[in-house]
Amino acid sequence: MHTGPLADGTLDVSDGEPPPSNHGCAAAAPLSPALGELRATPQWHDWRWQMRNRIRSLAQLQSFFPALEQSPGVYDALKVFQMAITPYYASLIQRLDSTDPVFRMAVPQAAELINPPHLQADPLEEDHHSPVPGLIHRYADRALIVTTSACAMYCRHCTRKRVTSARESSITGERLNRIVAYLQAHPEIHDVVVSGGDPLTLSTEALEQVLAAVRSVPSVEIIRIGTRVPVTMPMRITDELTAMLRKYHPLWVNTHFNHPVELTDEAREACAKLADAGMPLGNQTVLLRGVNDDPQVMETLCRGLVRMRVRPYYLFQCDLVPGVEDFRTPISRGIEIMEYLRGRVSGLAIPTFVVDAPGGGGKIPVLPNYIVTTSPTHTVLRNFEGMLISYPEPAMPAPAPRQTALQAVAQPGVWELASGRAEKLAPHPDARPRRKPRKAVCAHAALQPAL
Ligand SMILES: *Cc1c(COP(=O)(O)O)cnc(C)c1O
Ligand code: SF4
């Protein structure tokens, strides 16, 4: 349908209704009649209208949902962590309490103020790995750019609440220049994640400036956009946007679906446009108590995603940030879900479960144990059904351990130990209780100090 001129003066040329789908959640009537009426108006399909009309206060929320009961702590939570819900995302709410996954992810709760001491604003130590403002360089070959602090919807479980609880602001030209200079000075960076906040809340022109700047650096091979907009404001994926994006290939898009109710016809259409424009789509789900911490829910989500050409990429253990304690699950729940999925679901639909380690340790994949035991001649594996299989190791002798120069490795990791390039990894000397220097030559003294 024709959606009229957008606020930025461009025309949305989306042509007609999405094709009927057998698999979409046939959009249930919104719980709020007012939202139901808005959904029937042309402006509903205009993403700028959705952005401008985000629900930002409890009074606005109550005007759409008069039956909503106010629990007192919500006001206090809102003082700390802001709220924004697009009318579209609010229209997916079916129950006005935390048993509704959309409500739980979007509406502030008093529990966000639970603040045990193990929570930190920046547990991944992203700010420690930020050599220039707005760029995080945690892994040698990848860097992440924070392009804006704004999102279409503020997730109650957000891991970057220290960014998204700030006033909404976008990257400046000066910041972008410094980031480009850093990328030019670091040709080892091949993969740039354009993140935020949500980069697809930027105007198409502003986003294009970022992409063009990053693309101008020859050593950057792939660009990835991390966005929740296909979930919370799918009308943002216009033909105008995809026409711009396709100029910057190879471009990958990672989105953030958490629950099957988010797989609407609108979201399906948004993903189809991105995929048709040649962008491989991945999904990063956060494992959330009371939302998707259930093997069957996760199975439905993952199956639905691959039907939408979205490959489940990561399943994240909740980070230890303030405001998300109520969403955390034990790590064992994630392992249980991985146990359930393997063998039951297409491998294409199975994400990697990762714990983004506190202390800036980075992403650590966690799996059920499939190796039962091992000897030099056989490795005993178990499959998802519990069958034990003996895998005979090759009769050919393994290559001799490498005798390559140990000292050549500046920063050894576990692989360097496994391949014989380094002897040991030890805690930094400052992190250990001081040992008195010994004169006598004994086994201890022969150990090297920390690498
Ligand atoms: C997650 C992340 C990346 C990308 O990691 P992949 O495992 O390649 O998806 C890059 N930089 C930072 C800071 C990250 O947190
Ligand atoms: S879209 Fe991403 S950055 Fe924005 S609030 Fe949600 S999780 Fe945080």
**Q.** Helix 331-341 vs. the chain, principal-axis angle (Cα, 0 to 90°, nearest 10)
**A.** 80
**Q.** Largest-first principal axis extents, alpha carbons of the range 127-365, Å
**A.** 47, 40, 33
Q: Eight or more residues apart or on different chains, and alpha-carbon atoms under 29 Å: count the Lys pairs in the chain matching that.
A: 6
Q.
For the chain, compute the orientation-averaged projected area of the C-alpha convex hull (one quarter of its surface), in nm².
A. 27.0
**Q.** Arg342/Val414 FRET efficiency (R0 30 Å; Cβ-Cβ; nearest 0.05)
**A.** 0.80
Q: Rounded to whole Hz and in sequence order, give me ³J(HN,Hα) for the range 102-108 from the Karplus expression 6.51 cos²θ - 1.76 cosθ + 1.60, θ = phi - 60°, writing x for Gly and Pro.
A: 5, 4, 5, 7, 10, 9, x
Q | Label-to-label distance, nm, for residues given as Thr172 and Glu205 (7 Å Cα→Cβ offset) | A | 2.0
Q. Per residue and in Å³, how big is the convex hull formed by the alpha-carbon atoms of the range 319-364?
A. 88
Q | Linear extension gain, Ala426 paired with Gln70, 0.36 nm per residue minus alpha-carbon span | A | 122.9 nm
**Q.** Whole-Hz couplings from phi, Karplus 6.51/-1.76/1.60, listed for the range 150-162; x for Gly and Pro
**A.** 8, 10, 5, 9, 8, 5, 5, 9, 4, 7, 10, 4, 5
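Read-outs: derived from the displayed coordinates by stated rules, not from any lab. Keep in mind that what you see is a predicted model, and the values were worked out from it rather than measured. Don't worry about glycine lacking a Cβ; one is built from the backbone with ideal geometry, like all the others, and counts go over all protein chains shown.
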